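Structure, as structure tokens:
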Amino acid sequence: MADPALLLRDTSVQTLFWTPVLAEMWPGAPLHNAALKAAIARQAASVAGVAKSNIHGWQSDISMTAWGGAAADALVAHAAARANAYTAGGPIDWVPEMWANVSRRGASNQTHAHPGSVWSAVYYVDDGYAGSSDKAVAGELSFLDPRFPAVRMAAPELRHRRPDGTIDNQEVWLRPRTGLFVLFPSWLLHAVRPYAGQGTRTSIAINLVAPRG
């Protein structure tokens, strides 16, 4: 095990135990989104979905790398490259798990984490908003503070202030956007708020598993 880090300054407030969350627009979206959407639609029409954290909606099993085609391979390659950029001791030859989600009005995901993997990602092929900025449509991706007891303390309305003056919130919502790629540690608790739109949201999730021995 690596030696623990030492605090070199004892006169300043420092932010410890950083949790990396990367959110960016995937450069491959214009080239690959149509193929991804078509492959997912074919699979959803022919194969029964699974029920895990999802409430309503359709979710495939984790074998999308077998049926997603070149577009799925390109997305996995991007996820692996971004994960390696934020992983010490690499590069890692990640073992991917990949699945698709199709969500219509009322669909959501319960709070959960992804045991057995190191990094997880979500990619929005189609956010389902049809260009609307109406917050009532909801469906945000929600990240919860991993220091869970913090939300059960005596004064839950209070928040810590970071050294730069920003507030350390206990829950952060991220509004999906077509083409948005989000990467986060697999242990980070997350959920999806109920989607209230009239359209169809299509998204892809990826787990990156470290190879065994």
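I'm told Pro149 meets every condition in (1) more than 13 Å from the chain's Cα centre (by Cα); (2) in a strand (DSSP E or B) except one. Can you identify the failing condition by its number?
(2)
Tally up the residues in the range 179-213 that are touching a Pro at 6+ places or on another chain (Cβ under 9 Å) and among the small types (Gly, Ala, Ser), please.
3
Mind listing whichever residues of the range 113-171 are among the small types (Gly, Ala, Ser), closer than 25 Å to His78 by Cβ and surrounded by 12 or more Cβ atoms within 10 Å (Cβ to Cβ)?
Once the filter is applied, which keeps residues that are among the small types (Gly, Ala, Ser), closer than 25 Å to His78 by Cβ and surrounded by 12 or more Cβ atoms within 10 Å (Cβ to Cβ), the range 113-171 yields Ala113, Ser117, Ser120, Ala121, Gly128, Gly139, Ser142.
Anything in the range 114-146 that is under 22 Å from Ala80 (Cβ atoms) and not in a loop (DSSP other than H, G, I, E, B)? List them, or say none.
Of the range 114-146, the ones under 22 Å from Ala80 (Cβ atoms) are 114-125, 141, 143.
Of everything in the range 114-146, those that are under 22 Å from Ala80 (Cβ atoms) and not in a loop (DSSP other than H, G, I, E, B) turn out to be Trp119, Ser120, Ala121, Val122, Tyr123, Tyr124, Val125, Leu141, Phe143.
Pull out all pairs, ordered by first then second residue, where Cβ-Cβ is under 6 Å, the residues are six or more apart or on different chains, the first lies in the range 53-80 and is within 22 Å of Thr111 (Cβ to Cβ), and the second is surrounded by fewer than 17 Cβ atoms within 10 Å (Cβ to Cβ).
If the second residue must be surrounded by fewer than 17 Cβ atoms within 10 Å (Cβ to Cβ), the pairs left are Ser53/Gln110; Ser53/His112; His56/Gly106; Gln59/Val50; Asp61/Val50.
Test Ala205 against the criterion of being among the aliphatic types (A, V, I, L, M) and in contact (Cβ under 8 Å) with a residue 60 or more places away in the chain, and give yes or no. Steps first, answer last, please.
Details: among the aliphatic types (A, V, I, L, M): yes; in contact (Cβ under 8 Å) with a residue 60 or more places away in the chain: yes.
Here the answer is yes, as Ala205 does meet what is asked.
Let me confirm something: among Thr65, Thr87, which residue is within 21 Å of His32 (Cβ to Cβ) and hydroxyl-bearing (Ser, Thr, Tyr)? Spell out the reasoning first.
Details: Thr87 fails: within 21 Å of His32 (Cβ to Cβ).
None of the other options fit; the residue is Thr65.
Hey, Ser60 hits all of (1) more than 12 Å from Leu208 (Cβ to Cβ); (2) modelled with pLDDT of 95 or more; (3) more than 17 Å from the chain's Cα centre (by Cα); (4) not β-branched (Val, Ile, Thr) but one; which does it fall short on?
Condition (3) is where Ser60 drops out.
Hey, among the residues in the range 60-77 that are within 15 Å of Ala121 (Cα to Cα) and touching a strand residue (DSSP E or B) at 6+ places or on another chain (Cβ under 7 Å), which one's surrounded by the most Cβ atoms within 10 Å (Cβ to Cβ)?
The qualifying residue surrounded by the most Cβ atoms within 10 Å (Cβ to Cβ) is Leu75.
So which residues in the range 93-112 are crowded, with 17+ Cβ neighbours inside 10 Å, touching a His at 6+ places or on another chain (Cβ under 9 Å) and not basic (Lys, Arg)? I'd like the intermediate steps shown before the answer.
Step one: filter the range 93-112 for residues crowded, with 17+ Cβ neighbours inside 10 Å, giving 94, 96-103, 105, 107-109.
If we keep only those that are touching a His at 6+ places or on another chain (Cβ under 9 Å) as well, we get 97, 103, 105, 107-109.
Those that are crowded, with 17+ Cβ neighbours inside 10 Å, touching a His at 6+ places or on another chain (Cβ under 9 Å) and not basic (Lys, Arg): Glu97, Ser103, Ala107, Ser108, Asn109.
Which of the numbered conditions does Ala34 fail, given that it passes all the others? Conditions: (1) touching a strand residue (DSSP E or B) at 6+ places or on another chain (Cβ under 8 Å); (2) free of Cβ contacts under 8 Å to residues at least 12 places away in the same chain.
Of the numbered conditions (1) touching a strand residue (DSSP E or B) at 6+ places or on another chain (Cβ under 8 Å); (2) free of Cβ contacts under 8 Å to residues at least 12 places away in the same chain, the odd one out for Ala34 is (1).
The values are calculated or read from the model by the stated rules, or taken from the named source; none is laboratory data. From a predicted model like this one, the values you see are computed outputs, not experimental measurements. Quick reminder, even Gly has a Cβ in these numbers, built from the backbone with ideal geometry, and neighbours come from all protein chains shown.
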